[in-house]
Amino acid sequence: MSDFERKRKHGGSHNSPARKIHQSRPGSLNGHDYKPQPSKPPVDDRLLPSLPSIDDQYKSVVFIHPSSAGPNNPSYDRLEFLGDAYLELIASQLIFERSPDLSAGRMSQVRESMVKNETIGQYSVLYGLDRQLKDFNRLRNESPNAWLKIKGDVFEAYVAAVVLSHPDGFAVVKKWLTQLWQPRLEAVSTKPEPSNKSKDDLARKVLGKGVKLDYLDEREPVIHYGQGTETYSVGVYLTGWGWENQYLGSGKGLSRVAAGQAAAAAALENHPLIDEIVAKRTAFFEARKAEKGQT
């Protein structure tokens, strides 16, 4: 298991036509005694791409957690293993194709946001996959982290089942995931990446003795259900040079650190306020230098 995999496991508008969710009919393997029941997604599903169908031979396996497995009910763990690989590959392809100017490190961050359990687990909820799990009521009472992982695993297993159920299964899955991830992909491709030195640049421009910058969460992280998007919002405030808790700018990002850098970048472009602050700072240091020259 790679370092990236270990990390993940622990842890807009759509261009495509909106379609209703299609829930697969229950089925079973020969000898299997569990038949998953289709469930209505818990939210308005009109803007979700249709759920691809899977063959009957996979319908029972996909919804069997290892703790629920038995002689006649193999678990989804092998499908989950395969689906995990498809998710990472397709996410990597889409980012590489659509965001040619992103650095490798930034591409890894975006991919992580697309395939992490918080994202794909939410897809399981939106499509009602979690409710089709055998022993659903027991499993959902596991610890929050364990239940989150289970929801992510069942989505990965379903992805693998789709690939194996169609002659062109990889293309089917890639089209489906592209539609699910479209808002995130659009946001990445249209918004320039903030400099990772914006905080340092702002500090050099405005800080001095007794002057401070505060980076504060403006709201709780926002999860955009159905889009796999988690947005952090941070504001930067100045105290000093005659200002008290003066708002300078706000930023959003896939992490709190990225949002802080974006806030600093916004502050640097907050004219004429930033120019006035810099002018006061410059005047202060010039006056002090002049005083030292007279003594």
> So what are the radius of gyration and Dmax for the Cα set of the stretch 94-167, in Å?
Replying inline: 15.0, 46
> In nm², what is the average projected area of the convex hull enclosing the Cα atoms of the stretch 198-294?
Replying inline: 6.7
> How much length is gained if the chain between residue 196 and residue 69 is pulled fully straight, taking 0.36 nm per residue apart and subtracting their Cα-Cα distance, in nm to one decimal?
Replying inline: 41.0 nm
>> Assuming 0.36 nm per residue, please report the length gained on full extension of the stretch residue 276 to residue 78 beyond their Cα-Cα distance.
In response: 65.1 nm
> Relative to the present Cα-Cα distance, how much length would full extension add between residue 222 and residue 207 at 0.36 nm per residue of separation?
Replying inline: 2.3 nm
> Using a Förster distance of 51 Å, how high is the FRET efficiency between residue 168 and residue 269, based on the Cβ-Cβ distance and rounded to 0.05?
Replying inline: 0.60
> What does the highest-first list of 283-294, 260-271, 199-210 look like by mean Cβ count within 10 Å?
Replying inline: 260-271, 199-210, 283-294
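None of the figures in this text is laboratory data; all of them are computed from the coordinates on show. This structure is a prediction, so every number in the text was calculated from the model and none was measured. Every residue, glycine as well, gets a Cβ built from its backbone with ideal geometry; the counts of neighbours run over all protein chains shown.
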